[in-house]
Amino acid sequence: MSSAPSRLEAAFLKGHPALVAYLMGGYPDRAGSLAALVAVACAGADVIELGVPYADPLADGPVIQHAAEAARACEGSFGLAETLDLAGEAAALPGMPPLVVMTYLNPMMRMGLAKVGQKAAEAGVAGFIVPDMPPDNPMAVQWKREAVARGIDTVFLAAPTSTPERLAVVGEASTGFVYVVSSLGVTGERTQLPAELTDLVARVRASSPLPVAVGFGVSTPAQAATVSAIADGVIVGSALVRRQDDPSALGEFVGQLVSAVHTGGR
Amino acid sequence: MSDALLPSADDAYSSPDAQGFYGPYGGTFVPETVMPALAELSEAYESAMQDAAFRERLSYLLAEYVGRPSPLYKAERLAEAVGLGAVYLTREDLNHTGAHKINNSLGQCMLAQRMGKRRVIAETGAGQHGVATATAAALLGLECAVFMGVEDIRRQSLNVYKMKLLGAEVVPVDEGGGTLADATTAALRHWVERVEDTFYVIGSTVGPHPYPAIVRGFQCVIGEETLVQLEVKNIDHVDAVIACVGGGSNAIGMFYPFLRHLPAGSRPLLIGAEAAGLGVETDKHGAALTKGTPGVMHGFYSYLLQDDAGNPLEAYSISAGLDYPGVGPEHGSLKDSGLVRYEAVTDADALEAFVLLTRTEGIIPAIESSHALALLPRLAAELGPDAVLVLNVSGRGDKDMDIVREAGVE
Ligand SMILES: Cc1ncc(COP(=O)(O)O)c(C=O)c1O
């Protein structure tokens, strides 16, 4: 690809590894999640992933799952439409980094892919991550048509189990960055990252020229520093969502992660 | 068993396509982590089906261990009671472990063994698939864990005890309504974590491709045997074939051979009975085909009970095996094409049919199968007193004694 990097890709090309912070839309409530977005942006996160509360989150561990439940329980069921609306309000604030929506596929299909693309573009969303939509799926092909036309990136996931053929498919289809799932299983904090991670990141790099960010299980500044030494970005989710109802604690923690990541493990 | 496990080019009906789609439904909507395992599974299944030794061993176990072929029993007092010419019951209830589920569990556990996996997991609703998988795992020396919702653990406690006796671990799932959909999600999540050493034995024609095709492959022995026995009994005309539909495995196992071997003009009516719970006009039912809209859940696209934001809804049925907000993708496609008709049956009608079969024939059916039985009076009114019907009794009712007693049947 020879075109200029997208807004999302550019967030990884600032001369230091990027911190990607995951927050749950509508948790603890709409105002609380907006306050969390502001706190995380002020603390220096380079990209913010905004999760859409969903009833059957196949790829998420207990922390994110329970935040989704709480968000759905409040204010008449917070979903994709409400998350896009929240993203629109956040994206208009000064200093807000690129926002990436992380959603399961069904809410998108329910809304209609064209309408999702249109609303996301209006909201200024930079990209989408859809964990149950593999890149070679017909829905992925349809969604990408909508997204590409509107300058929205679609990030696909590479896993520890991915074969070279799968990595090629994932690398080929992704735009913005490639999301490397560090470990088997669902999202959540882990005390140890797998030893094979370095090798996995190297294999993903060989399959795509895009920036590579690692997520699933990264939960402490020390782990984030280790990962930032091998990847272009570090994604932290559950450890932030756990603090999401307390913006000042959240901001302070993200500040620590940012310093750890921006120095790239050095 | 004939060579019915894989479709061939000259079938009257041929599905799915190479990506696992039945019309628009089906496919593979899962985290990337399990994509390679699904590809591996497709290959292993195809190679097993082409391996004469594998098929011979499966046929042997289905005959000597499961007790196949299932009789095609002419239920004369039942036919008289409902006003039909003849009703033939396929007696899956006589299988070892008491339901059709063992046909599939045995096949998949043999596949697991062939793929070198030492550990299997399963989800279960009524507990029949859990018991069948725990049984096959005991037979083949595999480690087994069964995910089961806490509500189902309560209402199917006998099966929970059986699974434990068989050496399986029963993992309680306390999410959502604590029923089949929650157990399936928990099993899928667990599989994503343990995919390297664990084989996921899915219990119905649901889940990501190739599962719906594999489960159909192992269950279509039901319909294949029925066709053979109809021929042996010189029954050359059948008006309708009926089965209940949860995820859809006993129904597709019955219907697929009819679709495959008979051209459209000479097929009987194929009718699936799904759960209307307290009524399809309430929000307490499991009638995905009657009331659902297309959506993605548990790795596949099909009719689904969902809210306006695309969240799957909790289903409800007195029958744990039909208490599921989705339905297998092939049924979605068969509904749209009109090749199969689907009707919804309430708890109350199912209970009445349960009693009817019990009292007229001395056969106590599973509460799931009772949903199919409940269509008989309706079909008598529609098709007339000379009509000949075949109905799949997918399982026996031993597991349902507490529920039926609780429902006040004396
Ligand atoms: C006896 C019996 N019949 C039917 C079903 C429903 O499943 P399916 O639609 O896959 O046949 C079950 C599921 O537990 C069952 O136990």
Checklist entry - Quick one: which of B:Ser47, B:Ser59, B:Ser70 is outside any helix (DSSP H, G or I) and at pLDDT 95 or above? => result B:Ser70
Next on the checklist: Looking only at helices (runs of 4 or more DSSP H) that lie completely in segment B:292-410, which have at least 2 residues being open to solvent by 10 Å² or more (accessible area, probe 1.4 Å)?
Outcome noted: B:329-337, B:347-361, B:375-383, B:401-406
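Where in segment A:1-75 are the helices (runs of 4 or more DSSP H), entirely inside, with at least 3 residues that are open to solvent by 10 Å² or more (accessible area, probe 1.4 Å) and under 24 Å from B:Leu304 (Cα atoms)?
Details: elements: A:7-10, A:30-42, A:62-73.
Qualifying helices (runs of 4 or more DSSP H): A:62-73.
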Next on the checklist: Anything in segment B:242-257 that is touching a strand residue (DSSP E or B) at 6+ places or on another chain (Cβ under 6 Å) and farther than 15 Å from B:Ala99 by Cα? List them, or say none.
Outcome noted: B:Ile242, B:Phe255
Checklist entry - Across segment B:161-195, which residue is farthest from B:Thr133 (Cα to Cα) among those that are open to solvent by 70 Å² or more (accessible area, probe 1.4 Å) and away from chain A (no Cβ under 13 Å)? => result B:Pro172
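Filter segment A:152-169 for residues that are facing chain B (nearest Cβ under 10 Å) and part of a helix (DSSP H, G or I); which is most open to solvent (accessible area, probe 1.4 Å)? Steps first, please.
Going residue by residue through segment A:152-169, those that are facing chain B (nearest Cβ under 10 Å) are A:156-163, A:165-167, A:169.
Filter once more, so that each one left must be part of a helix (DSSP H, G or I): A:165-167, A:169.
Numbers: A:Glu165: 124, A:Arg166: 30, A:Leu167: 7, A:Val169: 51 Å².
Top of the filtered list is A:Glu165.
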Checklist entry - Quick one: how many residues across segment A:112-134 are within 11 Å of chain B (Cβ to nearest Cβ) and open to solvent by 40 Å² or more (accessible area, probe 1.4 Å)? => result 0
Checklist outcome for this item: Subset of segment B:301-321, residues in contact (Cβ under 8 Å) with a residue 24 or more places away in the chain and more than 11 Å from every other protein chain (Cβ to nearest Cβ), comes to B:Ser302, B:Tyr303, B:Ala315, B:Tyr316, B:Ser317, B:Ile318, B:Ser319, B:Ala320, B:Gly321
Checklist outcome for this item: Across (1) surrounded by fewer than 24 Cβ atoms within 10 Å (Cβ to Cβ); (2) more than 10 Å from chain B (Cβ to nearest Cβ); (3) within 30 Å of A:Cys42 (Cβ to Cβ), A:Gln142 clears everything bar (3)
Checklist entry - Does segment B:195-230 hold any residues that are of a type in the set (Val, Ile, Thr) and more than 11 Å from the ligand (Cβ to nearest atom), and which are they? => result B:Val195, B:Thr198, B:Val201, B:Ile214, B:Val221, B:Thr226, B:Val228
Next on the checklist: Scan segment B:184-195 and tell me whether some residue there is under 23 Å from B:Ser394 (Cα atoms), in a helix (DSSP H, G or I) and not basic (Lys, Arg).
Outcome noted: yes
Checklist entry - Looking at segment B:95-111, which of the residues that are open to solvent by less than 10 Å² (accessible area, probe 1.4 Å) and polar (S, T, N, Q) is farthest from the ligand (Cβ to nearest atom)? => result B:Gln108
Checklist entry - Listed residues B:Pro24, B:Pro31, B:Pro69; which is surrounded by 17 or more Cβ atoms within 10 Å (Cβ to Cβ), away from the ligand (no atom under 16 Å from the Cβ) and within 13 Å of another protein chain (Cβ to nearest Cβ)? => result B:Pro31
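Does B:Lys74 satisfy the condition of being within 11 Å of the ligand (Cβ to nearest atom), open to solvent by 30 Å² or more (accessible area, probe 1.4 Å) and more than 14 Å from chain A (Cβ to nearest Cβ)?
Details: within 11 Å of the ligand (Cβ to nearest atom): no; open to solvent by 30 Å² or more (accessible area, probe 1.4 Å): yes; more than 14 Å from chain A (Cβ to nearest Cβ): yes.
Spelling it out, it is not the case that B:Lys74 is within 11 Å of the ligand (Cβ to nearest atom), open to solvent by 30 Å² or more (accessible area, probe 1.4 Å) and more than 14 Å from chain A (Cβ to nearest Cβ).
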Next on the checklist: Based on this model, can you work out whether A:Leu210 counts as buried (at least 19 other Cβ atoms within 10 Å of the Cβ) and in a helix (DSSP H, G or I)?
Outcome noted: no
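Considering only segment B:209-228, how many residues are within 14 Å of another protein chain (Cβ to nearest Cβ) and surrounded by fewer than 24 Cβ atoms within 10 Å (Cβ to Cβ)?
So the first thing to find is which residues in segment B:209-228 are within 14 Å of another protein chain (Cβ to nearest Cβ), and the list is B:209.
Next, only the ones that are surrounded by fewer than 24 Cβ atoms within 10 Å (Cβ to Cβ) stay: none.
Looking only at that region, the number is 0.
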Checklist outcome for this item: Within segment A:102-132, the residues that are without any contact (Cβ under 8 Å) to a residue 24 or more places away in the chain and not in a helix (DSSP H, G or I) are A:Gly112
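For the condition of a type in the set (A, V, I, L, M) and at pLDDT below 95, what is the one hit in A:Leu86, A:Leu34, A:Leu58? If you could, list the steps in order and put the result at the bottom.
Working: A:Leu86 fails: at pLDDT below 95; A:Leu34 fails: at pLDDT below 95.
None of the other options fit; the residue is A:Leu58.
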Next on the checklist: Looking at segment B:115-155 only, could you name the residues that are over 23 Å from B:Val192 (Cβ atoms), within 12 Å of the ligand (Cβ to nearest atom) and among the β-branched types (Val, Ile, Thr)?
Outcome noted: B:Val131
Checklist entry - Among A:Val258, A:Val201, which is open to solvent by less than 10 Å² (accessible area, probe 1.4 Å) and either among the hydrophobic types (A, V, I, L, M, F, W, C) or under 19 Å from the mean Cα position of the chain (by Cα) (or both)? => result A:Val201
Checklist entry - Has segment B:73-86 got any residue that is part of a helix (DSSP H, G or I) and small (Gly, Ala, Ser)? => result yes
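The values are calculated or read from the model by the stated rules, or taken from the named source; none is laboratory data. In this text, all values refer to a predicted model and were calculated from it rather than measured experimentally. Because the Cβ atoms are built from the backbone with ideal geometry, glycine has one as well, and the counts that use them run over all protein chains shown. Note: accessible area is taken over every heavy atom of the protein model, side chains too, but ligands, DNA and RNA are not part of it. Shrake-Rupley method; radii C 1.70, N 1.55, O 1.52, S 1.80 Å.
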